[in-house]
Protein chains: 2
Amino acid sequence: NVCPIESLDYEIAENDFFKQDWRARGKVQIFQYIFMKWLLCFLIGGFVSLAGFFNNLAVENIAGVKFVITSNMMLSQRYWMAFLVFSLSNLALTLFAAIITAFISPAAAGSGIPEVKAYLNGVDAPGILSIRTLIVKIVGSIAAVSSSLLVGKAGPMVHTGSCIAALFGQGGSRRYGLTWKWLRFFKNDRDRRDLVTCGSAAGIAAAFRAPVGGVLFALEEMASWWRSALLWRAFFTTAVVAIILRALIDVCLSGKCGLFGKGGLIMFDVYSANVSYHLADVPPVLALGVIGGILGSFYNFLLVKVLKVYNLVNEKGTFYKIFIACTISIFTSCLLFGLPWLVSCQSCPSDASEDCPTIGRSGNYKKFQCPPGHYNDLASLIFNTNDDAIRNLFSKNTDSEFQLSTMLIFFVTCFILSIFSYGIVAPAGLFVPVIVTGASYGRFIGMLIGSWGNLSHGLYAVLGAASFLGGSMRMTVSLCVIILELTNNLLLLPLIMVVLLVSKTVADAFNGNVYDLIMKVKGFPYLETHAEPYMRQLTVADVVSGPLQLCHGIEKVGNIVHILKTTMHHGFPVIDESPHSESPVLYGLILRAHLIALLKKKAFLCTPVQLGADAFRHFSSDDFAKKGLGNVDKIEDIELTDEEMEMFLDLHPFTNASPYTVVDTMSLAKALILFREVGLRHLLVIPKISSRAPVVGILTRHDFMPEH
Amino acid sequence: NVCPIESLDYEIAENDFFKQDWRARGKVQIFQYIFMKWLLCFLIGGFVSLAGFFNNLAVENIAGVKFVITSNMMLSQRYWMAFLVFSLSNLALTLFAAIITAFISPAAAGSGIPEVKAYLNGVDAPGILSIRTLIVKIVGSIAAVSSSLLVGKAGPMVHTGSCIAALFGQGGSRRYGLTWKWLRFFKNDRDRRDLVTCGSAAGIAAAFRAPVGGVLFALEEMASWWRSALLWRAFFTTAVVAIILRALIDVCLSGKCGLFGKGGLIMFDVYSANVSYHLADVPPVLALGVIGGILGSFYNFLLVKVLKVYNLVNEKGTFYKIFIACTISIFTSCLLFGLPWLVSCQSCPSDASEDCPTIGRSGNYKKFQCPPGHYNDLASLIFNTNDDAIRNLFSKNTDSEFQLSTMLIFFVTCFILSIFSYGIVAPAGLFVPVIVTGASYGRFIGMLIGSWGNLSHGLYAVLGAASFLGGSMRMTVSLCVIILELTNNLLLLPLIMVVLLVSKTVADAFNGNVYDLIMKVKGFPYLETHAEPYMRQLTVADVVSGPLQLCHGIEKVGNIVHILKTTMHHGFPVIDESPHSESPVLYGLILRAHLIALLKKKAFLCTPVQLGADAFRHFSSDDFAKKGLGNVDKIEDIELTDEEMEMFLDLHPFTNASPYTVVDTMSLAKALILFREVGLRHLLVIPKISSRAPVVGILTRHDFMPEH
Ligand SMILES: Nc1ncnc2c1ncn2[C@@H]1O[C@H](COP(=O)(O)OP(=O)(O)OP(=O)(O)O)[C@@H](O)[C@H]1O
Ligand SMILES: Nc1ncnc2c1ncn2[C@@H]1O[C@H](COP(=O)(O)OP(=O)(O)OP(=O)(O)O)[C@@H](O)[C@H]1O
Ligand SMILES: [Mg+2]
Ligand SMILES: [Mg+2]
């Protein structure tokens, strides 16, 4: 019955102690709080943009060196040697990523978006936002992406951003002596949630250089609670990201960043002044949307199936995890190196806008094994970083560059590789694989349609990417803005909107959004906004279970210790015997953490009397601040003598005296609205007809889960 | 104590009758509901885009004809005649707009955004979303904008969109025989709210041809409650708008729309492939932001002051309202016609990209009174529609076109005119005036900076418009996206973000957002998300007032009629005598509308006995559906005999048996969270210590207002 994953608590605990503390707060403290809020957002933006930039720089340079070396070997026709260097360097990079992930922080595996989404929904899974995860995520993501695996960096960037934000929200670290009084206001789940939301927005902003898209992504996909004020702060954070990135790219344009350096703020610019399309172009675009929806939901289905198989294997031990990663890496290397041999060489166009074949690293025309004056079109896509592949696919005025068969091979390869690469034990995003796959199938369709339509193949690739994103991730506004910011083509907007709508609608008929599916596989108790139909049939009285663990207003220390030791609950109703009537009355709700804080201070009473404000003397608000990163005090660590066990504690001043309550005849659906909208962890159920017990049960997140 | 403006109710009333009704709903009904939801969004999108297009077409043609005629007279040097035609046609148009507004629907005056925002917050002011308002708004807005007043059309479009959406949400009209069974599911405030949100998004989308910006505007500025599902529906609606507008513009490009026709989907295209700016450009941009913030808040301050003065005058009668409108129209005509005489003529540049001087309607070079080969730069801005003025200000490669003094005169004129034009009794938006004013001051600053910076004057105008919008309207993401969609310049994005952030921050230090200020002047009880500091000091027990009006579970008809007649409350707690204990228990809450529905059916009991499901026989769910557009049944209309007055009603099956409750020791701030997040109209307060009364009070929206 007790789930290892605990919830976060966004309720304002109103007890006498906090009230007094709040009253003592002056103007200065409020100023400190506001100032710190903005400063932290600024710092989050700064660090995330640095992390994003560093990630980009490292990937482009590591992968770049790899490709330059192998290309040079290919030029001198040492093909086997090239293959060996290519696959071994990939293997080494993958192995490195897998080992640090498996041994240092398994929570850093995968995209991180489902985990952060669950955190923002109020699920506190251990280790998700720790400093270890942060480091592994940054380094591992660089290694994984450079190793030619078909994995993305956007998801890991979101996770990185959230980790950075969560670390700032810790209120310093006592262990490392990093404490600052001004940070103490952030020691609660509400403020941390806001920071993490800003961090995730900054992550997308840094990964795609899409500041507005980042905010919208955080709003649409990540956040479960949202306020206008938060929108503004997230906007501020991503604005900082945009400006710092803009400045850093300015620096790189002067050529100081090695192989990184081309391209401005827009990653895949496909601007053209006169995109013209008419009614005749609508049917193929609709078809693109429908196919994208079907493919996207199929992709989700397969991804989850593969993930489950991986999970079964992974359970056997760390060795197996790393083994899978290595297998996938070798498989990928073989495919990437082998497939281009299958397609025929193309002769260079005479009017090519750039060198053909390209000898350097990136460019549209890779020579691979072809004779001079020819290029291998599949190698141009495959033997490249993913970003360059996308750029090639999106490029305009290249309608005759690729063969139809090439496109088909590339699409199938990407589809398969991206499904098998996601589940390995290394940081791996989904955005870029989905964009590559979608772009290739879009371009394929564009080539099929040929001159019948008005759009160029590059624009079909953009629409294909949109449809596949829509079919797999099911966002609307945020994807729209992200694609806009990636490609800088506003005239295409109506078509992109249509494609997204169609593909999302079609895909929703089959299954859920890919992140939700992954979240379900991971077993996070995610709380939906809307009630399931069965919830309208049940009343809360039907769900509350078992005998209630209660405390009395003035309770014996021994009893408290007993309750804490024998149960794992985190909230306990406090009842008082009332002098007027025979039945006790509900005083409030006390949290486990507060009970433990009380026990730790050992300010016990010898007799069961009620203390006034006197009780506060021994405590500072820091004692009751919520600890971060899952390092909670345990009841087992507190040692009490038998004498102390016989003493008393007055719980009144520390009990939340105004918990939210519902009557037991309320339907579960209606209780869910309160629970979810207000962001509660515990909801007390009171009897409709006053009976002996003033409270009949307590609802937590688990009671709203369908499987319960 | 009783406020004439009533609230909307988003709570799910869970009574036995509704529960039974809900259980009876099959798969078919659920399908009908979902189908209708999307169909209505589609229809809303369609109608709003037609309205927007028609508005554009009419304005361009009416204003166009006016300008062509006066220009021709100016060419033949009949200056006085030109002035007469110009000012009289302006006066006639303004008079027309003012008269229909004043006599048919006074609620259509002004922008409409504050009203719709209040509606979406749960304030049901009479007549705001009626069909009369819709018609007056569409026609009046065309007349007002064509009459050269400095008023915009975006606000009226939002109001139009909301009216259209609200009308669809009526569930047909029995009076006109327009009923359709499938529409019956929308007869509640929750579904209507969703529709109106989509409608307001469609309004901005149609006004600025900015579909994504429209969604975000509705999200950031308009909506008080938001869900992911709603985001998707709003996106669908604006996508419909975008596609229909795109198709209509395609039609117009072939020249069938009279003087309307130029320009594609992007209204003020300022794209340039290489906007380059560096660190040196940041200080002027920051300065722009600061000045924009100061000017914006000053603008809001003055606007509200003028509005208050107008209100005082308007109270004297309709004649005074129309008098003000005429005065402003004449004043505007004089200024617009007179000011261009003050500036010196400029000689045409030899390398002008278009004809100079322009003889036709729009264009950068207006001849006005100048000799051939010369143009009047102030007339190019002033003697034009606002859209063309903005286009001129934003245009690139025209750095030497305007004189510094021209810009200053234009800025001051716009600033003053837009403040005085808003409050007149005609539909009048704020967006366009703010953009014009901001663009002129931005260009002025750009000219001051001159060649010191890297940005062209047109881009400074864009940034100036952004800063003034930010300073006056205080949105972030939505303004950013709207500006992006208006100007199609993604490279400028980081600068726009900075400018918006700075101007909003600066302006927030002085006063609130312009719509909130107007809302306050109008006296709408708008419920904020965040609690005021004083609310943390008060408990709910401190606020509940007066003797509570209660019903009993089985109540005499006479008593019910008495309560309904003597009070204006809309919710009454229902209590039951409990057999077990001496004190009564709370059964639930019954709504005034439901009581009246019960009385109307006259299905009374002779003896006070409790009925079972038998009671439902007389009723269908339609009897309890919420009527739209404020046509509620009144208690005065129900005539009951003395005999009937002595009979009884069993209220149990119609009472919401699980209302949300709070204990009386809860702070007002915490109660506000529940009230606001869940969207309640009535919140019951129960005593902490069980006493004689099972409920001590009832909280409504007014109890959370600071002035209370
Ligand atoms: N004080 C209590 N006495 C009896 N049952 C409880 C109590 N608190 C919670 N429960 C029940 O135990 C089940 C498991 O809850 P659990 O103890 O995990 O709650 P929690 O740890 O306080 O909250 P969460 O797990 O959401 O962080 C819930 O379904 C709830 O109904
Ligand atoms: N049944 C009642 N008995 C006594 N006082 C009430 C009752 N209902 C509301 N009040 C009080 O009367 C004041 C005015 O409320 P009013 O009657 O306008 O509420 P309403 O019309 O039900 O809701 P709203 O005005 O928000 O639409 C409130 O401050 C509330 O405290
Ligand atoms: Mg638990
Ligand atoms: Mg009222």
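The values are calculated or read from the model by the stated rules, or taken from the named source; none is laboratory data. Note that this is a predicted model, so its numbers are computed, not measured. Don't worry about glycine lacking a Cβ; one is built from the backbone with ideal geometry, like all the others, and counts go over all protein chains shown.
Results, tabulated for the structure shown:
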item	result
Residues that are in a loop (DSSP other than H, G, I, E, B) and of a type in the set (A, V, I, L, M, F, W, C), drawn from the stretch A:491-528	A:A509, A:F510, A:F524, A:L527
Residue in the stretch B:637-650 that is surrounded by fewer than 22 Cβ atoms within 10 Å (Cβ to Cβ), within 13 Å of another protein chain (Cβ to nearest Cβ), at pLDDT 85 or above and within 30 Å of B:F186 (Cβ to Cβ) present	no
Flag for B:E677 being within 9 Å of another protein chain (Cβ to nearest Cβ) and either surrounded by fewer than 22 Cβ atoms within 10 Å (Cβ to Cβ) or over 27 Å from B:D189 (Cα atoms) (or both)	yes
Which numbered condition B:L459 fails, given (1) more than 27 Å from the chain's Cα centre (by Cα); (2) surrounded by 24 or more Cβ atoms within 10 Å (Cβ to Cβ); (3) not in a helix (DSSP H, G or I)	(3)
Of all residues making up the stretch B:420-451, the number that are closer than 13 Å to B:S329 by Cα and over 16 Å from the mean Cα position of the chain (by Cα)	4
Flag for B:L599 being away from every other protein chain (no Cβ under 12 Å) and away from ligand 2 (no atom under 14 Å from the Cβ)	yes
Residue satisfying all of: in the stretch A:9-56; without any contact (Cβ under 8 Å) to a residue 40 or more places away in the chain and more than 29 Å from A:F236 (Cβ to Cβ); farthest from ligand 4 (Cβ to nearest atom) among these	A:A24
Residue in the stretch A:656-665 that is among the aromatic types (F, W, Y), under 34 Å from the mean Cα position of the chain (by Cα), within 12 Å of chain B (Cβ to nearest Cβ) and more than 16 Å from ligand 3 (Cβ to nearest atom) present	yes
Test: residue in the stretch B:488-510 that is over 17 Å from B:V275 (Cα atoms), free of Cβ contacts under 8 Å to residues at least 24 places away in the same chain and under 21 Å from the mean Cα position of the chain (by Cα)	no
Residue among B:F524, B:F510, B:F444, B:F468 that alone is within 16 Å of ligand 4 (Cβ to nearest atom) and hydrophobic (A, V, I, L, M, F, W, C)	B:F524
Of all residues making up the stretch B:563-583, the number that are more than 19 Å from B:T661 (Cα to Cα) and within 13 Å of ligand 2 (Cβ to nearest atom)	5
Count of the stretch A:266-303 residues which are aliphatic (A, V, I, L, M), surrounded by fewer than 20 Cβ atoms within 10 Å (Cβ to Cβ) and assigned to a helix (DSSP H, G or I)	8
Lone unmet requirement of (1) closer than 19 Å to B:N397 by Cβ; (2) surrounded by fewer than 24 Cβ atoms within 10 Å (Cβ to Cβ) for B:G464	(2)
Flag if B:P427 is in contact with a Pro (Cβ under 9 Å, 6 or more places away or on another chain) and of a type outside the set (A, V, I, L, M)	yes
Meets criteria (of a type in the set (S, T, Y) and crowded, with 20+ Cβ neighbours inside 10 Å) for B:S620	no
Yes/no for A:L479 being in a helix (DSSP H, G or I) and either in contact with an Asp or Glu (Cβ under 7 Å, 6 or more places away or on another chain) or over 24 Å from A:P156 (Cα atoms) (or both)	no
A:Y422, sole failed condition from (1) in contact with a strand residue (DSSP E or B) (Cβ under 8 Å, 6 or more places away or on another chain); (2) within 14 Å of chain B (Cβ to nearest Cβ); (3) hydroxyl-bearing (S, T, Y)	(2)
Only listed residue being modelled with pLDDT of 80 or more, of a type in the set (G, A, S) and under 30 Å from A:A166 (Cα atoms), chosen from A:G630, A:G571	A:G571
Options B:E60, B:E6: the member that is touching a residue at least 40 places away in the same chain (Cβ under 8 Å), under 30 Å from B:S141 (Cβ atoms) and within 16 Å of ligand 2 (Cβ to nearest atom)	B:E6
Conditions (1) within 12 Å of chain B (Cβ to nearest Cβ); (2) touching a residue at least 40 places away in the same chain (Cβ under 8 Å): number failed by A:Y526	(1)
Unmet criterion (only one of (1) more than 27 Å from the chain's Cα centre (by Cα); (2) more than 24 Å from B:L674 (Cα to Cα); (3) within 16 Å of ligand 2 (Cβ to nearest atom)) for B:A24	(3)
A:V139 in contact with a helix residue (DSSP H, G or I) (Cβ under 9 Å, 6 or more places away or on another chain) and more than 27 Å from A:Y526 (Cβ to Cβ)	yes
